[in-house]
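Structure first, then comments.
Just so you know, all these numbers are worked out from the coordinates, no wet-lab data involved. Not measured: the values here are computed from a predicted model. Neighbour counts run over all protein chains shown; Cβ positions are idealised from the backbone, glycine included.
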Amino acid sequence: MTFRYPLLVVVAAVVGVGLVAAYRWLQHRRESALAAAGLRAANAGRKGLRRHIPPLVFLTALVFLLIGVARPQATVAVPRSAGTVILAFDVSNSMAAKDLAPNRLAAAQAAAVSFVKEQPDTVDIGLVAFSQGALTTQLPTDDHEATIAAINRLTVSGGTSLGQAILASLSAIVGKTVGLPDPAAGQPPQDLGYWRSATIVLLSDGEDTGGPDAAAAAELTATAGVRIESVGVGTVEGTTVEVDGYQVATALNEELLTEVADLTAGSYHRAADAQALGSLHESLDLRITAQDELVELTAVAVGIALLLLTIGGLLMITWFGRIV
């Protein structure tokens, strides 16, 4: 235990000792005066000891009040929920489609910002933007405002590779580059450790136009204990989007998004029905950790002092019918 104002602890000790000494001196003086007059205190003896208890309780309460003024502090292990979330954002050309207002990307950005604001600061959130390739634009951090700023800077371009998005997100979680093993070469899967409290939130229309196999990437993710929560952005009916002067048809592929989520024991959500991921945060599997924090114990000291004052007052009333 430490004190913000340690000098006051010395003051409390000196005051406590001084008050006890003063009380004993006053009692001795009273008894001497009675003896000089040839009198004996009416409450002398075993029962007379009771009259000393309430004053000593009051004195102890005063010492605790002075200790409270000294601002006692202690380092204790405080439990907290913690975890890591990677928002994997589809920024391919198809995300400019307007079957969600004002367009798919803007709707996904609004949903993601709402999601980030729901998270406690003990959850680290990162951002991976992907089209044909994938780029970690924000490493996992508890600075949620930085993550929101990164989300708002996203723009569309290129094709779509869900497999690359999953691998890049997994790389951001484990802290090293992750790739699919080559079965033909007899290459074993990477040892990624186990990350039960990590979640990938995949926001995409599910149109996979190339790159690593998304299902295989999801299976690798599952071996690391990471869950994928996929969010379908768009409509099944679809629409067209202009790419390089051409009108290209695009529609939500719920089957693939559902598959990659199921392979990791995650869930599929449709953004249009999920109210901007409103309840997704409830499904995050956060771990309970302990973090050392400096806790002030002033309230404890004051509480003890108030309790002692109450006890002393009740004893005075019960034994002597008065407080003073």
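Summary of values
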| read-out | value |
| --- | --- |
| Distance (nanometres) between label positions extended 7 Å along Cα→Cβ at Ala299 and Val11 | 2.4 |
| Mean Cα-pair separation over length for the chain, i.e. relative contact order, pairs under 8 Å, 6 or more apart, % | 23 |
| Amide H within-cut-off set for Ile200, under 5 Å, with H built and near neighbours excluded | Ile86, Arg227, Ile228, Glu229 |
| Centroid-to-centroid separation of segment 165-194 and segment 71-111 [C-alpha atoms, Å] | 23 |
| Other-chain or far-sequence residues with amide H under 5 Å of Thr141's (modelled H) | Ile125, Gly126 |
| Segment Arg50-Val248, length gained on full extension (0.36 nm per residue, minus Cα span) | 61.8 nm |
| Residues Arg29 and Leu306, FRET efficiency given R0 of 45 Å [Cβ-Cβ distance, rounded to 0.05] | 0.90 |
| 222 nm mean residue ellipticity, helices alone, for the chain (DSSP H n ≥ 4; -39,500 (n - 2.57); rounded to 500) | -13000 deg cm²/dmol |
| Sites Thr155 and Asp182, calculated FRET efficiency, Cβ-Cβ separation with R0 35 Å, nearest 0.05 | 0.55 |
| At least 15 Å along the helix axis (C-alpha) and Kyte average at least 0.5, DSSP helices within the chain | 6-36, 53-69, 104-118, 162-174, 298-320 |
